[in-house]
Amino acid sequence: QVQLVESGGGLVQTGGSLRLSCAASGSIFSIDAMGWYRQAPGKQRELVASITTDGSTNYADSVKGRFTISRDNAKNTAYLQMNSLKPEDTAVYYCHVLRRWSNYWGRGTQVTVSS
């Protein structure tokens, strides 16, 4: 099993920045990818960004150029730097880990961007 603990959410004004962190523990060997999803009220959960062990990244079109995902393999931690935040970025952000074809989720952290 993999346990995930997220931190860094909060309330920010339009144009502001936040940095999310996700620390993985437990059976952390052979993690294939770490990433962030988000879910806004009334909407489906969507991929925001992901990063593989070798550093390959993938971003949703809506966040390209504004968000940056990174990973510290030594600390088993993934980060999401979010800049130029917009009200439409408001959502619960969930950390995700893919390990040996199994998906693991954090409990989520709220990000609210005020206009």
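Restricting segment 1-52 to chymotrypsin sites (Phe, Trp or Tyr not before Pro) that sit in a DSSP loop and have at most 13 other Cβ atoms within 10 Å of their own Cβ leaves Phe29. Take Asp72: with every protein chain present and a 1.4 Å probe, its accessible area is about 50 Å². For the pair Asn58 and Asn73, label points projected 7 Å from Cα toward Cβ lie 1.9 nm apart. Accessible area per residue (1.4 Å probe, heavy atoms of protein chains only) ranks Val92, Val5 as Val5, Val92, with the largest value leading. Taken along the Cα-to-beta-carbon direction at a fixed 7 Å, the label points for Ile28 and Ala40 span 3.3 nm. Kindly identify segment 1-81 as rounded, prolate or oblate by the Cα gyration tensor criterion: order the square roots of the eigenvalues as a ≥ b ≥ c, call it rounded if a/c is under 1.5, otherwise compare a/b with b/c, prolate if a/b is larger, else oblate. Since a/c reaches 1.5 and a/b is larger than b/c, the shape of segment 1-81 is classed as prolate. Name the long-range amide H neighbours of Gly108: under 5 Å, sequence gap of 5 or more, or other chain; modelled H, no Pro or chain starts. Sorted by chain and number, the residues that satisfy this are Glu6, Cys95. Distance from the C-alpha centroid of segment 84-115 to that of segment 1-58: 6 Å, rounded to the whole angstrom. In the chain, once you exclude exposed trypsin sites (Lys or Arg not before Pro) (DSSP loop, at most 16 other Cβ within 10 angstrom), what's the longest stretch remaining? No qualifying site falls inside 1-42, the longest such stretch.
Backbone amide hydrogens, once placed in the peptide plane, bring Val2 within less than 5 Å of Ser27, excluding anything fewer than 5 places away on its chain. The phi torsions of segment 39-52, fed into the Karplus equation with coefficients 6.51, -1.76 and 1.60 and a -60° offset, translate into couplings of 9, 8, x, x, 10, 7, 5, 10, 5, 9, 7, 9, 9, 8 Hz, rounded to whole numbers, with Gly and Pro shown as x.
The values are calculated or read from the model by the stated rules, or taken from the named source; none is laboratory data. Remember, predicted model here, so these are calculated numbers, not experimental data. Because the Cβ atoms are built from the backbone with ideal geometry, glycine has one as well, and the counts that use them run over all protein chains shown. For the accessible areas, the whole protein counts, side chains as well, though only heavy atoms, and no ligand, DNA or RNA atoms are used. Shrake-Rupley method; radii C 1.70, N 1.55, O 1.52, S 1.80 Å.
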